[in-house]
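Encoded as structure tokens, the structure appears first; notes follow it.
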Amino acid sequence: MIEGDEVIHEVRLPVAPDEAFEMFVDPARLVRWIGISAELEPQPGGRFRFEVMPGQFCEGRYEIVDRPHRLVFTWGWTAESMGVPPGSSRVEVTFTQATTAGDATTLRLIHRGLVPSARPLHDDGWTRFLDRLTAVAADKAPGPYPTETPEEHRRWL
């Protein structure tokens, strides 16, 4: 959902926080739910770059890597047409042990610094991909991967 100038999402994952955290920093686990390839250096100042769609890359730098509690990184797209250059926005993800019995994590993602025109696209994107993450965490098939490029999808938002 969009609240003011932030895109905010919260999901419950059926895995412990350390496992949920790994799904964001391990390239093989990341591409199970978002991206088709990934280069990750999950340490403060480390770079990340992943291909969301063929030829469409997100990239940024890790600012905070507090395993397994918090991950903060800059975010942007290499395509100028997206209007969100690499490093121009910031994503904070927290992983909290859920209060229910068993291994479960409440994941909260806040994306800040997006220009108003980019917020609906990123809200929709995080919704789609966090749904895929939830399925993967539950050891289920994540469903079909989005096939339209972000620019194509933006026309429908």
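Before moving on, here are some points about what is shown:
- The length gained by stretching the chain between residue 70 and residue 36 to full extension, at 0.36 nm per residue less their Cα-Cα distance, is 9.8 nm.
- Amide H to amide H, with H built 1.01 Å from N, residue 76 comes under 5 Å of 59, 87, counting only residues 5 or more places away or on other chains.
- Computed over the alpha-carbon atoms, region 38-157 gives an Rg to Rh ratio of 0.97, Rh here being the Kirkwood radius from the mean inverse distance.
- Phi angles across region 121-130 convert, under the Karplus curve 6.51 cos²θ - 1.76 cosθ + 1.60 with θ = phi - 60°, into 3J(HN,Hα) values of 5, 6, 4, 5, x, 5, 4, 4, 6, 5 Hz, Gly and Pro given as x.
- Sorting 1-12, 56-67 by their mean Cβ neighbour count within 10 Å, with the most densely packed peptide first, gives 56-67, 1-12.
- Under 9 Å, Cβ to Cβ, from residue 41 - net charge with Lys/Arg +1 and Asp/Glu -1: +1
- Placing a label point 7 Å from the Cα of residue 110 along the Cα-to-Cβ direction, the residues of region 1-30 whose backbone N falls under 18 Å from that point are 1-12.
Any read-out appearing in this document is the output of simple, stated calculations on the displayed coordinates, not a laboratory observation. Everything quoted here is computed from the prediction, not taken from an experiment. Neighbour counts are summed over all protein chains in view; Cβ atoms, including those assigned to glycine, are modelled from backbone coordinates with ideal geometry.
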